[in-house]
Amino acid sequence: MKNSVHWLRTVLCVLVFFTACSPQNRIEGYLYYRLNTNPTTLDPAFIVDVTGGSIAAKLFNGLVKIGKDLTIEPDIAENWTLSADGLHYTFQLKEGVKFSNGRTVTARDFKYSFERILHPENRSPATWVFEKILGAAEFIQGRAVEVRGIQVLDDHTLAIRLKRPFSPFLNLMAMTSAYVVPREEVEKWGPDFSSHPIGTGPFLLKEWQPNREIRLDRRTDYFDRPAKMHGILYRIIPEDLTAVSEFELGNLDLLTIPAAEYARYRRDPSKRQFIASIEGLNTYYLGFNCSRPPFDNPRLRKAVASAIDREKILNTIYEKRGRLADGPVPDIMRKWALWSPYRYDPQKAREIIAEEGFQNSTVNFYITADQEIVDIAEVIQSYLMDAGLNVQIKQLEWSAYKESLNRGEADLFYLSWWADYPDPENFLFPLFHSANHGPAGNRTRYTNAVVDALIEQGRLTMDEKKRNALYQKAEELIVADSPWVFLWHRTDFIIRQPRVKNYTIQPIYSMDKGTEISF
């Protein structure tokens, strides 16, 4: 297999050599970056993917943003206050912030942008971000003409009142869906606002050729620090081998290193010094369908966890590109100690499976068709078959895969969760609260009333120490129930051309505004 991959890379490089012996005609002062897929939209009200969100971060701004130490910092809001009861937020906006059409931003623009997402006719997938606001439910149901918890006090003062305290609320206000948009442009373009986005960010969209490239130009009137480069050109290249060849020809400046190329780049002294990495805020896992046999049995779930040598997979197939996970909350986010009771013990796994009467039971294991995932799944299949289970792997295209998991078709599946915002709640409530079975995040259909209560109490608790104590108890119970096999937290690696200066990988895609990079 490896020899065939190298042969294919050689053939591809020869073809590229004959068609592009030297770097392509480049626009001076632009950063060239690869996307492996075309964004579905650049409208903040409808973005649900990392690709769209990472581009939108350069076109738009919100009230607040996530800072380098993962704390909340001012963005368009200069400052804010929070009432003692945790219900009333008052944001004071910076003066002179302009949309790229030249109009000054006011507090009314934020009220419009938030209500636009909540309006039932728009069917935004991000209503959950604002549903904590007083009056949001009535507005969504069409029983009110405005959200009474969003008030414009004057042009530069916005007041938001929540139904009840929600400790991560400021984190939600840093998300893509909380970016401000100008009403006149949305109404002018209608659904086409997605391809004609007007925001307040350091760049503006110059051109979008679907499935080919996206060009952003620098704004010289950006209210914060203007970008040091003239613009960004995203080239949409689905194939990893093509992207690698384009990088080595100098036609790309930054490249997220594909798994198949990781070892080669790390061994190359001329490349190694230009590789940057970051410990990601993510968790990779095997999910069980806890709502039906065979994995409604917690003993069987624990047996599967014991049957898999996670560390060996991480160190071999995954080439040490991550850290072992003890629970769902990423290690660099967790502020409490967590003891994982699971160790690789194939003999124990075989005994439990036999005792529970599941020997030779057939298990449907759903995965996507990505080659690295297929390789990992086949090793996991081997471990589980050695333990006495008959595992059938089913590969699906990504959209069909998500739909099948949302419907609960799989017995076992491989998936990951990436932080939308840096709070443990983001890895607990969506993934393990019983209100979120299916597409909302809890695809294992895990149900534990005590865990529900702890998570709910933590969301209402404004004191960080008390909140973390509640989340710790919830995570300990989750680990004990084993709705997942907790695999690892992935580390990402990006290689840059020597000419690229001041590039830093951010742990959350919305943090990268693209203003620091220079040549």
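The values are calculated or read from the model by the stated rules, or taken from the named source; none is laboratory data. Note that this is a predicted model, so its numbers are computed, not measured. Virtual Cβ from ideal backbone geometry, glycine too; neighbours counted across all protein chains shown.
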Checklist line | Complete set of residues in segment 277-295 that are more than 19 Å from PRO330 (Cβ to Cβ) and either hydrophobic (A, V, I, L, M, F, W, C) or exposed (fewer than 14 other Cβ atoms within 10 Å of the Cβ) (or both) | finding: PHE288, CYS290, SER291, ARG292, PRO293, PHE295
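Residue-wise test of (1) surrounded by fewer than 16 Cβ atoms within 10 Å (Cβ to Cβ); (2) closer than 29 Å to GLU261 by Cβ; (3) aromatic (Phe, Trp, Tyr).
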site	(1), (2), (3)
VAL374	yes, yes, no
ALA377	no, yes, no
GLN381	no, yes, no
ASP386	yes, no, no
ASN390	yes, no, no
TYR401	no, yes, yes
SER416	yes, yes, no
PHE432	no, no, yes
PRO439	yes, no, no
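Matching residues to (1) at pLDDT 95 or above; (2) charged (D, E, K, R); (3) out of contact with any Cys (no Cβ under 9 Å at 6 or more places or on another chain); (4) under 29 Å from GLN506 (Cβ atoms):
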residue: GLU378; (1), (2), (3), (4): yes, yes, yes, no
residue: LEU384; (1), (2), (3), (4): yes, no, yes, no
residue: GLY388; (1), (2), (3), (4): yes, no, yes, no
residue: VAL391; (1), (2), (3), (4): yes, no, yes, no
residue: GLN395; (1), (2), (3), (4): yes, no, yes, no
residue: ALA410; (1), (2), (3), (4): yes, no, yes, no
residue: PHE413; (1), (2), (3), (4): yes, no, yes, yes
residue: TYR421; (1), (2), (3), (4): no, no, yes, yes
Next item on the list: Kindly list the number of the only condition in (1) out of contact with any Pro (no Cβ under 8 Å at 6 or more places or on another chain); (2) of a type in the set (A, V, I, L, M); (3) part of a helix (DSSP H, G or I) that fails for LEU431.
Entry: (1)
Margin query: Please count how many residues of segment 293-318 are touching a residue at least 40 places away in the same chain (Cβ under 8 Å), part of a loop (DSSP other than H, G, I, E, B) and over 10 Å from VAL485 (Cα atoms).
Written below: 6
Next item on the list: Mind listing just one residue for me: the one in segment 319-334 that is within 19 Å of ILE373 (Cα to Cα), in contact (Cβ under 8 Å) with a residue 24 or more places away in the chain and among the charged types (D, E, K, R) and, of those, surrounded by the fewest Cβ atoms within 10 Å (Cβ to Cβ)?
Entry: GLU319
Notebook entry, point to check: So, in segment 159-185, of the ones that are in contact with a Lys or Arg (Cβ under 7 Å, 6 or more places away or on another chain) and hydrophobic (A, V, I, L, M, F, W, C), which residue ends up farthest from ASP423 (Cα to Cα)?
Noted result: LEU162
Notebook entry, point to check: Residues of segment 366-390 being charged (D, E, K, R), farther than 9 Å from ALA307 by Cβ, in a helix (DSSP H, G or I) and out of contact with any helix residue (DSSP H, G or I) (no Cβ under 6 Å at 6 or more places or on another chain), which ones?
Noted result: ASP375, GLU378
Next item on the list: Could you give me the residue pairs with C-beta distances under 8 Å whose first residue belongs to segment 443-468 and is part of a loop (DSSP other than H, G, I, E, B), whose second residue is of a type in the set (D, E, K, R) and buried (at least 16 other Cβ atoms within 10 Å of the Cβ) wherever it lies, and which are 6+ apart or on separate chains?
Entry: TYR446/ASP481; ASN448/ASP481; THR461/ARG467
Note to self: Take ASP420 and tell me if it is touching a strand residue (DSSP E or B) at 6+ places or on another chain (Cβ under 6 Å), in the same structural domain as GLU475 (by TED's automatic domain parsing) and farther than 19 Å from LEU460 by Cβ.
What the structure shows: no
Item checked: Which listed residue is modelled with pLDDT of 95 or more, in a loop (DSSP other than H, G, I, E, B) and surrounded by 14 or more Cβ atoms within 10 Å (Cβ to Cβ), from LEU70, LEU59, LEU31 -> LEU59
Next item on the list: Please determine, by comparing only the residues of segment 203-217 that are more than 24 Å from VAL105 (Cα to Cα) and basic (Lys, Arg), which one is surrounded by the most Cβ atoms within 10 Å (Cβ to Cβ).
Entry: ARG215
Margin query: With the requirement that a residue be among the β-branched types (Val, Ile, Thr) and touching a helix residue (DSSP H, G or I) at 6+ places or on another chain (Cβ under 7 Å), what does segment 341-362 give you?
Written below: ILE352, ILE353
Check: Got a number for residues in segment 319-365 being among the basic types (Lys, Arg) and assigned to a loop (DSSP other than H, G, I, E, B)?
Finding: 5
Next item on the list: Please work out if THR81 is under 30 Å from ILE232 (Cα atoms) and without any contact (Cβ under 8 Å) to a residue 60 or more places away in the chain.
Entry: no
Next item on the list: Look at GLY96 and say whether it is more than 13 Å from LEU158 (Cβ to Cβ) and over 28 Å from the mean Cα position of the chain (by Cα).
Entry: yes
Notebook entry, point to check: Taking segment 478-519 on its own, how many of its residues are closer than 30 Å to ILE380 by Cβ and not acidic (Asp, Glu)?
Noted result: 20
Check: How many residues are on the phi > 0 side of the Ramachandran plot and among the aliphatic types (A, V, I, L, M) when one looks only at segment 429-486?
Finding: 0
Next item on the list: Collect the residues in segment 396-424 that are touching a Ser or Thr at 6+ places or on another chain (Cβ under 7 Å) and assigned to a helix (DSSP H, G or I), keeping them in residue-number order.
Entry: TRP398, TYR401
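Being over 22 Å from the mean Cα position of the chain (by Cα), of a type in the set (S, T, N, Q) and buried (at least 22 other Cβ atoms within 10 Å of the Cβ) narrows it down to one of THR220, THR176, THR200, so name that one.
On inspection, the qualifying residue turns out to be THR200.
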Item checked: Selected residue (only one of ALA144, ALA136 is in contact with a helix residue (DSSP H, G or I) (Cβ under 6 Å, 6 or more places away or on another chain) and either surrounded by 17 or more Cβ atoms within 10 Å (Cβ to Cβ) or of a type in the set (Lys, Arg) (or both)) -> ALA136
Check: In segment 239-253, what residues are in a helix (DSSP H, G or I) and surrounded by fewer than 18 Cβ atoms within 10 Å (Cβ to Cβ)?
Finding: THR242, GLU248
Next item on the list: Enumerate the pairs (first residue in segment 89-108 and free of Cβ contacts under 8 Å to residues at least 24 places away in the same chain; second residue anywhere and assigned to a strand (DSSP E or B)) with beta-carbon separation below 6 Å, excluding pairs fewer than 6 apart on the same chain, so at least 6 apart or on different chains.
Entry: THR104/LYS98
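Is there a residue being closer than 30 Å to GLU464 by Cβ, of a type in the set (A, V, I, L, M, F, W, C), in the same structural domain as TYR446 (by TED's automatic domain parsing) and at pLDDT 95 or above anywhere in segment 291-309? Spell out the reasoning first.
Of segment 291-309, the ones closer than 30 Å to GLU464 by Cβ are none.
There is no residue in segment 291-309 that is closer than 30 Å to GLU464 by Cβ, of a type in the set (A, V, I, L, M, F, W, C), in the same structural domain as TYR446 (by TED's automatic domain parsing) and at pLDDT 95 or above.
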